[in-house]
């Protein structure tokens, strides 16, 4: 995602042979350093977001104290069994599936010129039209990455046991899980509406900058609202699908791995 305060813009230049090269500059999304519009936090909207996350807990605990006790037991179980599930082949395979997306985006962000050469290769081979930009190729990679990501979670889950009946989900878990998914998807949808495809898929690295956004969701969550949204969605979905046997085999552990991968990508975008 290119709307990060430390992100850099990449401009196209041409060498003596007429070949296009990529060059980093100090400007970001059309603004020189220090000229970016200031983002003012929308406090009422922030309070609404926090309330949306807290109220389900308050209501759920009031009506389903057993659900809270079960969740506490699952957290302890995750830690107690970590030495076992962290070395299981099925857990390692699931983690590798989640890593595919981060490897791809690290390639794009850090080795931009190399990715541009890859796009040029695809065009020469007829796999990319002249009208398609590197961003369009990244979007195609995104779809493949999601197959690996969802496949990693599905692989671990179904290799452990079947899906639970919806009637077996504790009321607290249902309320909290659904609220996490809802808020997460609102943040994700807000990102796409605010900065579009070019902003989400690193257009600034290929001289295709998106408009600098100071509105929602950046006026609620300043740094990486998309990543926060994805993490909330992941934990919400994992909570809705959790069972004793899945938790004992690293179900919550995989959600934590996913969160750490987003932290890693945030570091890459800010510091590399």
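Just so you know, all these numbers are worked out from the coordinates, no wet-lab data involved. Values in this document were obtained by computation on a predicted structure and should not be read as measured data. All Cβ positions, even for glycine, are placed from backbone atoms using ideal geometry, and neighbour counts span all protein chains on display.
Would you please give the FRET efficiency between residue 111 and residue 63, computed as 1/(1 + (r/R0)^6) with r the Cβ-Cβ distance and R0 = 51 Å, to the nearest 0.05? In this case the efficiency is close to 0.50. Entry for the range 190-260 at q = 0.15, 0.22, 0.26 Å⁻¹: log10 I(q)/I(0) = -0.62, -0.91, -1.08, Debye formula applied to identical alpha-carbon scatterers, no solvent contribution.
Distance distribution P(r), the chain, all Cα-Cα pairs, bin width 10 angstrom from 0: 6, 25, 29, 23, 12, 4, 1, 0 percent.
Quick one: grab the alpha carbon gyration tensor of the range 87-222, order the square roots of its eigenvalues as a ≥ b ≥ c, and give me rounded if a/c is under 1.5, else prolate or oblate depending on whether a/b is larger than b/c.
Numbers: a/c = 2.77, a/b = 1.42, b/c = 1.95.
Cα axes put the range 87-222 in the oblate bin.
Sorting the segments 174-183, 54-63, 99-108 by their residues' average number of neighbouring beta-carbon atoms within 10 angstrom, most packed first, yields 174-183, 99-108, 54-63.
Can you classify the range 98-149 as rounded, prolate or oblate using the Cα gyration tensor, where a ≥ b ≥ c are the square roots of its eigenvalues, rounded means a/c under 1.5, and otherwise it's prolate if a/b beats b/c and oblate if not? The shape class here is oblate. Subtracting the Cα-Cα distance of residue 96 and residue 129 from their residue separation scaled by 0.36 nm leaves 8.8 nm. The alpha carbons of the range 146-272 give a radius of gyration and a Dmax of 16.6, 51 Å, in that order. Of the three principal axes defined by the Cα atoms of the range 65-162, the extents in descending order read 59, 26, 23 Å. In nanometres, what is the gap between the two model label sites at residue 50 and residue 144, each 7 Å from Cα along Cα-to-Cβ? Result for the modelled spin labels: 4.4 nm.
Model label sites at residue 122 and residue 36, defined 7 Å from Cα along the beta-carbon direction, differ in position by 2.7 nm.
Taken along its three principal axes, the alpha carbon spread of the range 151-221 comes to 49, 26, 14 Å, from the longest extent down to the shortest.
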